[in-house]
Amino acid sequence: MENTSYWEYLKLNDDQHGILVTSVEQACILSKVLKENDVITAIDNVPIVDDEKLKFVDDTVTFTIIRQGQELTLTSPLDNNQTLVPLHSHDKHPEYLIYAGIVFTVLSRFYLYGFNKREWHRKAPTNLINLALHSHLQELNQQIVIINQILLDDVNHGISSDFANSVLETVNGIKIQNIKHPAELIDKISNNEDDGYNRFEIENQKIYSDIM
C-alpha cells in the first residue's frame, strides 16, 4: 500500500505494514473474522510485508490486523470442506437440461451473480443464498440442480413460473446427484412408459409432466 492518503484513511502508522483486505467472500469461513479494509500485519505471529502472498498450512490461523486504527488478534478455523457451490468456475461453461419446456441448470456462483454481483448474498432468493453459504460437497461430482425458468408451452400447461429458482430434489422418487442424473432418469422411464408421467419433486412440491 503506497497511497499516502489511503494509508491515513486506514489509520495506519508509518511503521505499520501489511496486506489490505479489499473484499471477503461471504461463503468463506474467514468472513466471520475479516472485514473489508482490514490490514493484515501478521499471520500466526509472523509479520508479513506489503503484497505478500498468504499461505495457510494448519487447521487454524491467527491474524494480527489493524481495523480502524486498532490492532486486533483474531483466530479462525480453516474450512477444508469443499462448498457445493464453488467459489470459482472460470474454466467451465454453464450446464443446462431442457425437458418439457423446463430449463434446469446447476447452481453456481455466476448464477447468483446474475441477481447482483456484489450483493448476491442479499439480492438472490433466500433458499439459494443458504445453499451457497452453508452446503458442502458430500459425494464426488455432486451438484445442486435448480429450475432456471419455465418456457411456456402446451406441454407444461399449469406449471407456474414461480417454480423458477427452486431446487430439484428428486426425479421419479430418486434423489438427484447432478445435472446429468435427471436426464438419465427421464430417459429410463421414457423407455419404459409405465404410466406416461415423469415426476419432479421441487422443494417438497411435485411437478408432473407427460413423457415426451
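Any read-out appearing in this document is the output of simple, stated calculations on the displayed coordinates, not a laboratory observation. Fair warning: this is a prediction, and the values are worked out from it, not measured in the lab. We place every Cβ from the backbone using ideal geometry, glycine too, and count neighbours over all the protein chains shown.
For Y96 and N116, the difference between the fully extended length at 0.36 nm per residue and the C-alpha to C-alpha distance is 5.1 nm.
Sparse packing (at most 12 other Cβ atoms within 10 Å of the Cβ) combined with a DSSP loop state is found for the following trypsin sites (Lys or Arg not before Pro) in region 78-181: K92, K117, R118.
Annotation: peptides 151-161, 10-20, ranked by per-residue average of other Cβ atoms within 10 Å with the highest first, follow the order 10-20, 151-161.
Under the 0.36 nm per residue contour assumption, what length would be gained going from the current alpha-carbon distance of H136 and Q68 to full extension?
Between H136 and Q68, full extension yields an extra 21.1 nm.
Here the convex hull built on the C-alpha positions of region 71-162 has a volume of 144 cubic angstrom per residue.
Take the Cβ atoms of V167 and N13, set R0 to 41 Å, and the FRET efficiency comes out at 0.25.
Just to verify a number: FRET efficiency for H157 and K188, C-beta to C-beta distance, R0 = 25 Å, to 0.05?
That gives a FRET efficiency of 0.50.
Here region 96-210 is treated as a Stokes sphere of Kirkwood radius computed over C-alpha pairs; at 20 °C and 1.002 mPa s its diffusion coefficient rounds to 144 µm²/s.
Taking label positions 7 Å along the Cα-Cβ direction at both K123 and Q149, the computed distance is 1.7 nm, reported to one decimal.
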